[in-house]
Amino acid sequence: MRVFLTGATGFIGSHVIPELLAQGHEVLGLTRSDAGAHRLEAAGVDVHRGDLDKPETLAIGAAAADAVIHCAFDHNFETFFANTKKDERNIAAMGEALAGTHKPILITSGVGIGTPLNGGPATEDVLNPRHANPRIATELAGAALIAKRVDVRTIRLPQVHDTTKAGLITPLIAEARRAGAMAYVREGTTRWAAAHVSDVAKLYVLALEKGEPGARYNASVEEGVTARAIAEAIGRGSGLPVRSVGDDEVEHYFGWMAPFAALDMIASSGWTRARLGWEPTGADLLTDLAAMDFSALADA
């Protein structure tokens, strides 16, 4: 297939490219810059110029392909709500370009959207349309397309990591440096699901080749890693002191990430593994944090 890939120069998209090429697919990668175009060409990818602020440019890319993998998202968390609405517009535009065809579009969400109302691990069968996370806009945009018989498949991401990045943990490290210590709340029992980026990239391709219209797939390998274990690993690697903090200190130590500080984001992927034959092999989160170059991260 010829696959239109948004976020092609990003952390996850750049790992999806070799997985697609290895399976014999052609890739049409989205970029808005000359530097991005050069990177894609060097990777053996055709270039499509476009911009997340111009949905019509994404629609053109979608129309020129046999399938879409939508990894792109504006990760400026100062405008997070606005960015979820932007994602909604982009999904709608690409979906309209695919209407009346059997071409699949894979969209990207977060595992937290599948958290049951009574708690416990997020599962693929749960979708709460009133979820407090603004990222629900992504899945509602997908649901609107499904109602129009567009083949939408959703990949829900945990904390995706390697030795250079680790989802929300990367900005958490920046906040810890600002505050002068790496903190966890109370006993640090909050848990976050995680997966190595190489395993996530493989899952996108499996969902493209074997996935079902309307299905949601959890990309979690580890169901949950405790906040204390994460904080202690960062402390060892960065040299920052590690401390338990009370609720009244959360905003100081976590900054804009305070709403996530005591939030459980655990997720099961048993259904996903069984349906797609997904067999993760990448390093776990704590192993990657132990191997991370924190000095390089500070300069990034």
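Within 20 Å of the chain's Cα centre (by Cα), open to solvent by less than 30 Å² (accessible area, probe 1.4 Å) and of a type in the set (V, I, T): does that describe V205? Don't jump to the end; show me each part of the working.
On the way: within 20 Å of the chain's Cα centre (by Cα): yes; open to solvent by less than 30 Å² (accessible area, probe 1.4 Å): yes; of a type in the set (V, I, T): yes.
Criteria met by V205.
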(request) Within segment 247-279, track down each residue that is touching a helix residue (DSSP H, G or I) at 6+ places or on another chain (Cβ under 7 Å) and either without any contact (Cβ under 8 Å) to a residue 24 or more places away in the chain or open to solvent by less than 40 Å² (accessible area, probe 1.4 Å) (or both). (result) V250, E251, Y253, F254, G255, M257, A258, A261, M265, A267, L276, W278
(request) Could you list, in sequence order, all residues of segment 132-146 that are of a type in the set (A, V, I, L, M) and part of a loop (DSSP other than H, G, I, E, B)? (result) A132
(request) Considering every residue within segment 188-205, establish whether at least one is in contact with a Leu (Cβ under 9 Å, 6 or more places away or on another chain), more than 14 Å from G112 (Cα to Cα) and of a type in the set (S, T, Y). (result) yes
(request) Select, from T31, T79, T57, T123, the only residue that is open to solvent by less than 50 Å² (accessible area, probe 1.4 Å), of a type in the set (S, T, Y) and out of contact with any Ser or Thr (no Cβ under 7 Å at 6 or more places or on another chain). (result) T57
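Being in contact with a Ser or Thr (Cβ under 7 Å, 6 or more places away or on another chain), assigned to a helix (DSSP H, G or I) and either aliphatic (A, V, I, L, M) or modelled with pLDDT of 95 or more (or both): is that true of G36 here? Lay out the reasoning, then the answer.
Values: in contact with a Ser or Thr (Cβ under 7 Å, 6 or more places away or on another chain): yes; assigned to a helix (DSSP H, G or I): yes; either aliphatic (A, V, I, L, M) or modelled with pLDDT of 95 or more (or both): yes.
When the stated conditions are applied, G36 passes them.
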(request) Can you run down the residue pairs with Cβ atoms below 8 Å, 6 or more apart or on separate chains, where the first is in segment 207-234 and free of Cβ contacts under 8 Å to residues at least 60 places away in the same chain and the partner is among the β-branched types (V, I, T) and assigned to a loop (DSSP other than H, G, I, E, B)? (result) T226/T189; T226/T190; A227/T189; A227/T190; R228/T189
(request) Hey, could you check segment 74-131 for residues that are among the hydroxyl-bearing types (S, T, Y) and part of a loop (DSSP other than H, G, I, E, B) and say which is farthest from E175 (Cα to Cα)? (result) T101
(message) For segment 177-187, which positions are of a type in the set (G, A, S) and surrounded by fewer than 23 Cβ atoms within 10 Å (Cβ to Cβ)?
(response) A179, G180, A181
(request) Please give the number of the condition G282 fails out of (1) surrounded by fewer than 16 Cβ atoms within 10 Å (Cβ to Cβ); (2) farther than 19 Å from G180 by Cα; (3) not aliphatic (A, V, I, L, M). (result) (1)
(message) Every residue in segment 189-226 that is assigned to a loop (DSSP other than H, G, I, E, B), within 28 Å of I17 (Cβ to Cβ) and not hydrophobic (A, V, I, L, M, F, W, C), please.
(response) G211, E212, P213, G214, S220
(request) Provide a single number: the residues in segment 254-300 that are assigned to a loop (DSSP other than H, G, I, E, B) and of a type outside the set (D, E). (result) 14
(message) Being among the small types (G, A, S) and within 25 Å of S295 (Cα to Cα) is the filter here; which residues of segment 223-274 pass it?
(response) A227, A229, A231, A233, G235, G237, S238, G239, S244, G255, A258, A261
(request) Among residues belonging to segment 128-152 that are among the small types (G, A, S) and in contact (Cβ under 8 Å) with a residue 24 or more places away in the chain, point out the one that is farthest from G110 (Cα to Cα). (result) A144
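Conditions (1) within 14 Å of L168 (Cα to Cα); (2) under 20 Å from the mean Cα position of the chain (by Cα); (3) aliphatic (A, V, I, L, M), marked per residue:
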{"position": "V221", "(1), (2), (3)": "no, yes, yes"}
{"position": "V225", "(1), (2), (3)": "yes, yes, yes"}
{"position": "A233", "(1), (2), (3)": "no, no, yes"}
{"position": "G237", "(1), (2), (3)": "no, no, no"}
{"position": "S244", "(1), (2), (3)": "no, no, no"}
{"position": "H252", "(1), (2), (3)": "no, no, no"}
{"position": "M257", "(1), (2), (3)": "yes, yes, yes"}
{"position": "A261", "(1), (2), (3)": "yes, yes, yes"}
{"position": "D264", "(1), (2), (3)": "yes, yes, no"}
(message) For segment 147-176, give me each residue that is part of a helix (DSSP H, G or I) and surrounded by 16 or more Cβ atoms within 10 Å (Cβ to Cβ).
(response) I169, T170, P171, L172, I173, E175, A176
(message) Given the condition charged (D, E, K, R), part of a loop (DSSP other than H, G, I, E, B), open to solvent by 50 Å² or more (accessible area, probe 1.4 Å) and closer than 27 Å to P134 by Cα, answer yes or no: does some residue in segment 227-244 qualify?
(response) no
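The values are calculated or read from the model by the stated rules, or taken from the named source; none is laboratory data. Quick caveat, the model's predicted, so the values are computed rather than measured. Because the Cβ atoms are built from the backbone with ideal geometry, glycine has one as well, and the counts that use them run over all protein chains shown. When the accessible area is computed, the model is the full protein with side chains, heavy atoms only, and any ligands, DNA or RNA have been set aside. Shrake-Rupley method; radii C 1.70, N 1.55, O 1.52, S 1.80 Å.
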